[in-house]
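The values are calculated or read from the model by the stated rules, or taken from the named source; none is laboratory data. Remember, it's a predicted structure, so these values are computed and weren't measured experimentally. For neighbour counting, all protein chains shown are included, and Cβ atoms are generated from backbone atoms with ideal geometry for every residue, glycine included. Protein only, heavy atoms only, side chains kept; ligands, DNA and RNA dropped before computing areas. Shrake-Rupley method; radii C 1.70, N 1.55, O 1.52, S 1.80 Å.
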Amino acid sequence: MERTFIIVKPDAVQRGLTGEIISRFEARGLRIIGMKFLQISQSLAEKHYAVHAGKPFFAGLVSYITSSPVVVIAFEGTNAVAAARKAIGATKPQEAEAGTIRGDFALEIGRNLVHGSDSVENGQIEVANFFSEDELKSGWSRNTDPWIFE
Ligand code: DAT
Ligand code: MG
């Protein structure tokens, strides 16, 4: 089953939007396989955002993501990566459609509330960066699964 990695970012936790954001993915049908509340270290932030190292916004991005606790979640489901990205909306909140998390709750790129993996490969890598395999309940089943997965 495809996996994706979500961060409910510091601004979302501080603003009391944690439940709202998790519920968007849960209601879509994605199945939680791991979830933790933690403050991301400098080194883990730099690893997670390594693709952006050297860009002008990198220092601010690392400082923001490490500034306060976050909720990290591993989800699995059919097309989990694309489904979560659709629910999140465009990187720049002013371009995000209404009905998406960023389109409904955010205004600025540096306070865009939520991270979601951008490819199936990165989904695997990011889940592994934040969770050990024994912290994941991969493949557990919900009684509702036959009503979500065909
Ligand atoms: P996304 O979070 O939608 O996957 P991304 O991977 O391109 O976007 O960038 C990661 C984060 O970095 C993004 O959520 C906000 C920040 N960011 C990206 N581009 C930026 C820019 N041009 N100026 C400021 N922050 C930026
Ligand atoms: Mg990204």
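Anything in the chain that counts as a DSSP H helix reaching 15 Å or more along its axis (C-alpha) with Kyte-Doolittle mean of at least -1.0? List them, would you? The partial results should precede the final answer.
Values: long enough: 18-28 (16 Å, -0.39); 120-130 (16 Å, -0.04).
Passing helices, by number: 18-28, 120-130.
Ligands, DNA and RNA are left out, and with a 1.4 angstrom probe the accessible area of segment 20-128 is 50 Å² per residue. With a cut-off of 12 Å between beta carbons, the residues surrounding residue 61 carry a summed charge of +2, where Lys and Arg count +1 and Asp and Glu -1.
Can you tell me which of 52-63, 28-39 comes out highest on packing, and rank the rest after it, using the mean Cβ neighbours within 10 Å? Spell out each step's value before the answer.
Details: 52-63: 12.6, 28-39: 16.9.
For the peptides 52-63, 28-39, the packing ranking is 28-39, 52-63.
Keeping the other protein chains in place, figure out the carbon and sulfur percent of the accessible area of the chain, with a 1.4 Å probe.
Working: 4210 of 7940 Å².
C and S fraction of accessible area: 53 percent.
What order do you get for 121-128, 72-79 when each peptide is scored by the mean count of other beta carbon atoms within 10 Å, highest first?
Details: 121-128: 17.8, 72-79: 21.5.
Averaged packing, sorted descending, gives the order 72-79, 121-128.
Each Cα pair under 8 Å and six or more residues apart adds its sequence gap; the mean of these over the residue count of the chain is a relative contact order of 36 percent. Cα centroids of segment 93-109 and segment 39-73: 21 Å apart. A straight Cα-to-Cα reach below 13 Å connects residue 137 with the aspartates and glutamates 76, residues fewer than 8 places away in its own chain not being considered.
When Rg and the Kirkwood radius Rh are both evaluated on Cα atoms of segment 1-123, their ratio Rg/Rh stands at 0.93.
In plain terms, the chain from residue 26 to residue 97 could stretch by 23.6 nm, reckoned as 0.36 nm per residue minus the Cα-Cα distance.
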